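Q: Got a structure for you, written out below as structure tokens; questions coming shortly.
Derivation of every value follows stated rules applied to the coordinates shown; laboratory data play no part. Since the structure is predicted, the reported quantities are computational estimates derived from the model, not experimental observations. A quick note on method: Cβ atoms are made from the backbone with ideal geometry, for glycine too, and the neighbour counts reach across all protein chains shown.
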Amino acid sequence: MNVNSSMEEIWLSELKWKIQHEHEGSKLDFKKTPYVKENYHELLKDIMSMANVPTNEKRYIVIGVKEHPDSTKEYFSIPKEKIVDQATFQQIVRENIEPTIDFSYYPIELEDNTLGIIEIKNCDDAPYMMKKNYGSSLKKGDCFIRKGSQTEKLTRRDLDEILKFKSNKVFNENILFGFGEGVDLQLTVSGVRNLDLPSKRARRKIESILEEKKNNLEKESKLSHLEKITRSVPRISNPFQSEPYENRSIEQLEENLKNINSTYKDHDWYYVGEEKTQKINFTLINNGNEYLDDVSVEIFIPVESATVMKNIREKPKSQDKYLRASIPNVENLYYPEVEKKSDMYIVRQDVGALKHHQPREVFDCDLRVFFNGENIGKTFSWSYVIYAKNLPNPINGSLIIEVV
């Protein structure tokens, strides 16, 4: 699957969810009616104010939606003949605002309605302001910023925040985060279709032996007295070994079946956690000219996408009766911290100093991740946050996981 097409599908789905469920704020604005020539001053003010918001995220002005005080949404579909050409909006903004703002305008379909979307992105040269007078309401030098659901004139404090954000963005552009040596933004993994747990295999074996023993009971009842005595001579077994299932009585085997899940719990977890998981790591590269100090990383993995192991499972204990002590897996000392929330795994790792131009694996020990066969054919978005002592703000990003 193409990376771009996968990301576009996820982005469009997220945008529609945002329109349906999120409220107006500094990155989202709803307009009931389309912009027309008579109110282009509002278009200039709205786009400028959102472009000045210090964020790496895209901003959206959604035309054809009204949000009521009770947070419900009402849609006002735009007739196709009233959808303005993108070039018209871009020209009016380019002629009146400096520096240039990167935005696009396009329609989307939502609940049988045609809505207009102004998508504002890559605003890395703020502050943006009027470069000449426009009508009677906008003057040369006017500068606005979106705060929550309100538009206000830019203050000195706002300017300080913008400059701080721009400084941080220099780091953002030079920090690469992804999978493997290529620092890829997408990873393709194999889902496990049929999980044949050790407990299931042991159950089948016991049931087979039980059936055979019960069938033999009838045959043994027909044996001569001497043959019965001969067969009843106990087998000599190793006192240090657990009795093989074949040598156990019917009563013992039936009891073994009752306890099969608890008996093989460690075996099952080891099988899933070590033999059937993907061993995943991430690569960090600092292409800037400064060290990053005290770097730490958080990765957010939706529970619906995978099962993340909280530690490395130890190999099941020996079946020897007197040799059952297990040796702890020292790798667990280096395994990343994994916390499970209701719908999300949060994986944390301290990285330390990140030198420039030297790729660094995030985890000292690979993360164990199990992908269920039910997710085969699906793609998921994992997000991450990078922290550092000398970063003005954390670096946020996302990656794509494709299960095949």
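Q: Can you list the HN-Hα couplings for the stretch 109-117, worked out from phi with the Karplus curve (6.51, -1.76, 1.60; θ = phi - 60°), rounded to whole Hz and with x for Gly and Pro?
A: Each residue's phi maps through the Karplus curve to give 9, 9, 6, 6, 10, 9, 10, x, 10 Hz.
Q: Hey, can you grab everything whose amide H is under 5 Å from the amide H of Val53? Only 5+ residues off in sequence or another chain; H modelled, so Pro and N-termini drop out.
A: So Val53 has HN proximity to Arg146.
Q: Using the alpha-carbon atoms, what tilt in degrees (0 to 90, nearest 10) does helix 3-21 show relative to the longest principal axis of the chain?
A: For helix 3-21, the angle is close to 70 degrees.
Q: What is the order of Trp17, Trp269, fewest Cβ neighbours within 10 Å to most?
A: Details: Trp17 10, Trp269 16.
With the sparsest Cβ surroundings first, the list reads Trp17, Trp269.
Q: Here's something else I'd like to know. Each residue of the stretch 176-183 in order: what ³J(HN,Hα) in whole Hz does its phi give by Karplus 6.51 cos²θ - 1.76 cosθ + 1.60, θ = phi - 60°, with x for Gly and Pro?
A: Residue by residue, the stretch 176-183 yields 9, 9, x, 9, x, 5, x, 6 Hz.
Q: Something else now. Out of all DSSP beta bridges in the chain, what portion is antiparallel? Express it as a percent rounded to 5.
A: Numbers: 63 of 73 bridges.
Antiparallel bridges make up about 85 percent of those DSSP assigns within the chain.
Q: Note the angle between two axes, namely the Cα long axis of helix 86-96 and the longest principal axis of the Cα atoms of the chain, as a number of degrees from 0 to 90, rounded to the nearest 10.
A: 50 degrees
Q: Same structure, new question: Highest first, please rank the peptides 200-213, 294-307 by the mean number of other Cβ atoms sitting within 10 Å of their residues. Show your work: numbers first, answer last.
A: Working: 200-213: 14.1, 294-307: 18.1.
Per-residue mean Cβ counts within 10 Å order the peptides as 294-307, 200-213.
Q: Which of Val369, Val308, Val84 ends up with the largest GNM mean-square fluctuation for the chain, with Cα atoms connected below 10 Å?
A: Val84
Q: When Lys and Arg each count +1 and Asp and Glu each count -1, what net charge do the other residues less than 14 Å away from Asn96, Cβ to Cβ, add up to? Display every interim value, and only then the final one.
A: Numbers: positive: Lys37, Lys45, Arg94, Lys131, Lys132, Lys139, Lys140; negative: Glu42, Asp46, Glu95, Glu98, Asp142.
Every neighbour counted, the sum reads +2.
Q: Please label the shape of the chain as rounded, prolate or oblate, based on the square roots a ≥ b ≥ c of the eigenvalues of the alpha-carbon gyration tensor (a/c under 1.5 means rounded; beyond that, a/b larger than b/c means prolate, else oblate).
A: On the way: a/c = 4.37, a/b = 2.42, b/c = 1.80.
Verdict is prolate for the chain.
Q: Using only Cα atoms, find the angle between the long axis of helix 198-220 and the longest principal axis of the chain, and express it within 0 to 90 degrees, rounded to the nearest 10.
A: Taking Cα atoms only, the helix is inclined about 20 degrees.
Q: When the dipole is taken about the Cα centre of the stretch 80-194, and only Lys, Arg (+1) and Asp, Glu (-1) are charged at their Cβ, what size is it in debye, to the nearest 20?
A: On the way: 17 positive and 19 negative charges, 121 e Å.
So the dipole magnitude of the stretch 80-194 works out to roughly 580 debye.
Q: Then there's this: Once the other residues with Cβ under 13 Å from the Cβ of Asn375 are scored (Lys, Arg +1; Asp, Glu -1), what is the net sum? Mind showing how you got there, number by number?
A: Working: positive: Arg193, Lys378; negative: Glu304, Glu374, Glu402.
Combined, the nearby Lys, Arg, Asp and Glu give -1.
Q: In sequence order, what are the phi-derived ³J(HN,Hα) couplings for the stretch 295-308 according to the Karplus relation 6.51 cos²θ - 1.76 cosθ + 1.60 with θ = phi - 60°, rounded to whole Hz, with x for glycine and proline?
A: Result, ordered by residue: 6, 9, 10, 10, 10, 10, 10, x, 4, 5, 8, 5, 10, 9 Hz.
Q: Additional query: Can you list residues from other chains, or at least 5 along the same chain, whose modelled amide H is less than 5 Å from the amide H of Ser26?
A: Under 5 Å from the amide H of Ser26 lie the amide H atoms of Gly148, each far enough along the sequence or on another chain.
Q: So how do 114-127, 26-39, 243-256 stack up, highest first, on mean other-Cβ count within 10 Å? Mind dumping the intermediate values first?
A: Working: 114-127: 18.6, 26-39: 15.8, 243-256: 13.1.
The densest-packed peptide leads the list: 114-127, 26-39, 243-256.
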